[in-house]
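Please read the structure below before turning to the comments.
The values are calculated or read from the model by the stated rules, or taken from the named source; none is laboratory data. None of these values were measured; they are calculated from a predicted model. Cβ sites come from the backbone with ideal geometry, for glycine too, and all protein chains shown count toward neighbours. Areas reflect the complete protein model, heavy atoms only, side chains present, ligands, DNA and RNA absent. Shrake-Rupley method; radii C 1.70, N 1.55, O 1.52, S 1.80 Å.
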Amino acid sequence: MAGETTGVEIVDAALAGEAAPFAERLVADQVASKLASQDATLWGPEAESEASIRLSWTTLHKSSRPLIGEIEALRTDLRSEGVDRVVLAGMGGSSLAPEVITATDGVALTVLDTTDPGQVADALAGDLERTVIVVSSKSGGTVETDSHRRIFAKAFTDAGIDAARRIVVVTDPGSPFAELSEKEGYRKVFLADPNVGGRYSALTAFGLVPAGLAGADVARLLDQAASAAETLAADSVDNPAVKLAAAWTAAHEKGAEKVVIATVPSKEGGSVLKGFADWAEQLIAESTGKQGTGLLPVAVEGPDSPGFADAKDDATPVAVGQAEGTAKISVTGSLGAQFLLWEFATALAGRLLGINPFDQPDVEAAKKAARSLLDNPDKLKGGEKPSTVDGAVEVFGSEGVSTEGKLADILRAFFDSAPETGYIAVQAYLDRLDDASTSLLRGEVAKRTGRQTTFGWGPRFLHSTGQYHKGGHQNGVFLQITGAVEQDLDVPDRPYTLGVLQHAQALGDGQVLAEHGRPVLRLHLTDRAAGLAELVRAVQEAGE
Ligand code: PA5
């Protein structure tokens, strides 16, 4: 199709010149071909044991083929029973790829990667008679996904539907979910290749099963990846992954560690890869954000967005699609090809940056803090008093964060505490389907402060940029937004509700960030709609 040639163009001439030595180094060391043949020594002795069980993604365009028939057969069976609504429960690497695949193909998939009771209630309110839930978890132990499984199993049973017939599991062999599936007799278990990590799993069962069941053309996706595989394995300065990794590294060396990513439609009418920036954000942040270094991905709405259009020296705007406006790099290609290209580029950048791109050492800390809060419910209820209340917004701050005065003053002081070349992370523990003004916040904050601004839905981002926040460059400030829960949902056979879990996740991550010495400002909306409107106004006032 026109506009789908797989390629990377470093549009900015200075950056192209700076990238050249890094590209030549990768070529001289034959890193691309060694990566394609799954050489686990490329990231040094410390990373070798992890890398040795994480590299099967380089050949998934071949090894995943047998899945296509299995998925199609199950889809046909389900449809013959009138089951054509697919809900996916999965976090991070277990949901971001199917979300992009289905959005790009224009097929419906309800993704649950949240603990927001309102958002989960919305998914439950769909037609259960027509619903199958795909429960996807590599580890088989992720609390959000297990909660969704419990909630849906009960809802099916309450509706007189045989729950086991409506649950499909994707997991690694031997995981708790694999065992449970056998015990409960779930309809089908897809055991994924265990030698692929979550964020590299787009072309494994984790990406293909939910997307294929929803009706996306997953065979074509594998064809697209296959068409790029040879080019990506070449030890050449023209290899698009080599170019991309070299450009990111050169920019990083000059203090531009932020990679601002916008998808743009191709001028020749090629497809728009909807949601691709969110997928790439996880891949890059979790893979590189460690040991106090890394690349901070900033996913933005489009090439005109604040942060992209007005990027300064601390950021590299990357267009997914043909270069537009201020883009310094453009990456083109079909979705399947781009999955593989960005995975290659990230692994190559890991080598140049001197980090292990396959672990996520700081993700566990936030989970542990949330678990400890769940074990001490008193700390969650009433144990915290706001420093200030302004309308429908309660204000809480970590040590050293000013919480005095009106909301606009508090925000102004908070934003000013971010270094000019640092970043502001907006983290909304809210319903992402509920209020459009929430996602407008990123642009507003970026525009008013002139600082690079990321936006993450909690707890979704904990499985993505959360690693970078704690492990990457320590120059971020963190604005958490939590909200009152109108109607909570019980998690069957668990001593907490979804609302309590969501709250514990926000507080837990806030604690860990504060322990890293990062400024954390939490704004709790006692009335979500009113509080959000006040917040947007206060952000605008703070930037005047
Ligand atoms: O890339 C990763 O490893 C993570 O983002 C995981 O995908 C995420 O935490 C979900 O894990 P799991 O699939 O084990 O539920």
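Listed by chain and number, the aspartates and glutamates whose C-alpha is less than 14 Å from the C-alpha of Lys406, apart from same-chain residues fewer than 8 away, are Asp390, Glu394, Glu534, Glu541. In terms of the mean number of neighbouring beta-carbon atoms within 10 Å, the peptides 371-377, 330-336 order highest first as 330-336, 371-377.
Rolling a 1.4 Å probe over the protein heavy atoms leaves Ser227 with an accessible area of roughly 80 Å². Would you please state which residues of segment 63-81 a label at Val107 would reach in this model, taking the label point 7 Å out along Cα→Cβ and a backbone N cut-off of under 18 Å? Under 18 Å, as judged by backbone N against the label point of Val107, lie 64-81 of segment 63-81.
When Rg and the Kirkwood radius Rh are both evaluated on Cα atoms of segment 59-222, their ratio Rg/Rh stands at 0.93. Among the listed pairs Lys34/Lys254; Lys254/Lys328; Lys385/Lys470; Lys258/Lys328; Lys274/Lys312, those whose Cα-Cα separation exceeds 18 Å are Lys34/Lys254; Lys385/Lys470; Lys274/Lys312. When the helices of the chain are scored as -39500 (n - 2.57) per DSSP H run of n ≥ 4 and the total is divided over every residue, the value at 222 nm lands at -14000 deg cm²/dmol. Under 12 Å from a point placed 7 Å out from the Cα of Glu72 along the Cα-to-Cβ direction: which residues of segment 183-218 have their backbone N that close? Correct set: 217-218. Taking the Cα atoms of segment 335-420, the ratio Rg/Rh between the radius of gyration and the Kirkwood radius comes to 1.17. Accessible area per residue for the chain, computed on protein heavy atoms with a 1.4 Å probe, is 36 Å². Extending 7 Å from the Cα toward the beta-carbon at both Glu364 and Ser37 defines two label points whose distance is 3.4 nm.
Farthest towards the positive end of the charge dipole of segment 59-222, among the residues Gly185, Gly93, Leu60, is the Cα of Leu60, using unit charges on the Cβ of Lys, Arg, Asp and Glu. If you roll a 1.4 angstrom probe over the protein chains with everything in place, what fraction of the accessible area of the chain belongs to carbon and sulfur, to the nearest %? Roughly 48 percent, rounded to a whole number. With the simple model of a label 7 Å out from the Cα in the direction of the Cβ, Glu384 to Asp223 spans 5.1 nm. For the chain, the calculated P(r) over all alpha carbon pairs, in 10 Å bins from 0 to the bin holding the longest distance, is 4, 19, 30, 27, 16, 4, 0 percent.
Residue separation of Val536 and Glu486 scaled by 0.36 nm, minus their Cα-Cα distance, works out to 15.8 nm of gained length.
Need the list of lysines near Lys188 for cross-linking: C-alpha distance under 17 angstrom, and skip anything on the same chain fewer than eight residues off. Once the sequence-local lysines are set aside, what remains near Lys188 is Lys138. Based on alpha-carbon atoms, the Kirkwood radius and the radius of gyration of segment 363-542 give Rg/Rh equal to 0.94.
Computed with a 1.4 Å probe over protein heavy atoms only, the accessible area of Lys368 comes to about 130 Å². Full extension of the chain between Glu24 and Leu433 gives 142.7 nm of extra length, using 0.36 nm per residue less the Cα-Cα distance.
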